[in-house]
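Report on the following structure.
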Ligand code: ATP
Ligand code: LTN
């Protein structure tokens, strides 16, 4: 049976890229096997965070995941720091991965340049080994993520194979499940369609937040950069030649469950495409926003779900950690 695991950081400003590239598939596939979804609060500490805000956003992220349709009866939803086996296994994996392979991670390179590598937290560097621990603890076979996490998944596989080779078969080697190109794998910034939509972008005008009001969604999409050919060009799905228009097609297709190339044939003008995309995104987000507001008013229910999730996850993680510790030669307490 498939074991599914994925994680998301508790950062406000969840956006349409996160939803169409990852979260939507979590809810859709939660019954495709035994599934685990984790709010990775320890990963959030790799960059400066206000403590009260982190606490609040961790619960808010869990609330949002429930609002997108995760069903606590069907999946295990929990907070990373509630299961202490995660950082414990991460240490064993830090002693398996090499400096060279971590240094090659583009996420580290991208994020470390911002404040200068000298000042970057060590945790930002070792981030992928904690992510590998998240995944490997659960005997995960499938990891649904956006295209930007492909490299971290490759590292997870390499580290798992190396560990198994050295110490015997302890870990299942997982596979990334990335949406096909054009189906949400990489939603681009509306203002700069050559960069991925990201919460760390300089301006939020290129990003549609999951909590944006209809008027804001309409405005951001209306102002989206189309292509150099102004308003006169054809509506056609061609990410290389027409990145802006193709991104809008991908968004509209994602929101309506169709193929971008197929959607393109319905529109002759950029303005009509934009209006349709804004409408479709608004309708897709409406029920999620309503359910989020309801659940946000009832934090006790969310906390209960998280407690039950950690209670289900922990024994699974503990069994894997015990096997890993024994394999490397740590003396069990007697
Ligand atoms: P940051 O802006 O700090 O890079 P992020 O927006 O990438 O963060 P994460 O919490 O790192 O958000 O990602 C959560 C999930 O959303 C991951 O599975 C990631 O692959 C996916 N994802 C993020 N951005 C996009 C995007 N633009 N298109 C498709 N999927 C995305
Ligand atoms: N690195 C991921 C978040 C993440 C994750 C995981 C994803 C942490 N642990 C385990 C899948 C599986 C990100 O930045 N999106």
Open item on the list: Could you work out the percent of alpha carbon pairs in the stretch 185-243 separated by over 20 Å, rounded to a whole number?
Closed with: 27
TODO: Give the angle, between 0 and 90 degrees and rounded to the nearest 10, that separates the Cα long axis of helix 243-256 from the longest principal axis of the Cα atoms of the chain.
DONE: 70
Task: P(r) histogram, all alpha-carbon pairs of the stretch 1-107 included - 5 Å bins from 0, percent - done: 2, 11, 19, 20, 20, 16, 10, 2, 0
TODO: Give the Cα extents of the stretch 65-174 along the principal axes, in whole Å, largest first.
DONE: 45, 38, 27
- [ ] State, to one decimal in nm, how far the label point of residue 304 lies from the label point of residue 334, with both points 7 Å from Cα in the Cβ direction.
- [x] 4.6
Task: Protection proxy ranking of 304-311, 124-131 - average other beta-carbon atoms within 10 Å, highest first - done: 124-131, 304-311
Open item on the list: If every alpha-carbon in the stretch 239-334 counts as one equal scatterer, what log10 I(q)/I(0) does Debye give at q = 0.18 1/Å?
Closed with: -0.84
Open item on the list: Rounded to whole Å, give me the distance from the Cα center of the stretch 274-334 to that of the stretch 98-127.
Closed with: 26
Open item on the list: Can you tell me the orientation of helix 106-115 relative to the chain, as the angle in degrees between its alpha-carbon axis and the longest Cα principal axis, to the nearest 10?
Closed with: 80
Task: Label-point separation, residue 53 to residue 195 (7 Å along Cα→Cβ), nm - done: 1.9
- [ ] With everything on Cα atoms, drop me the angle between helix 299-328 and the longest principal axis of the chain, reported from 0 to 90° to the nearest 10.
- [x] 50
Open item on the list: Expected output is a single nm value to one decimal: the length gained when fully extending between residue 104 and residue 204, i.e. 0.36 nm times separation in residues minus the C-alpha distance. What is it?
Closed with: 33.1 nm
Open item on the list: In 20 Å bins starting at zero, report the fraction of Cα pairs in the chain per bin as a rounded %.
Closed with: 30, 56, 13, 0
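Roughly what % of DSSP beta bridges within the chain run antiparallel, to the nearest 5?
Rounded to the nearest five, the antiparallel share is 15 percent.
FYI, it's all coordinate maths here, none of it is from the lab. Here the structure is a predicted model, which means the values were calculated and not measured. FYI the Cβ positions are ideal-geometry reconstructions off the backbone, even for glycines, and counts take in every protein chain you see.
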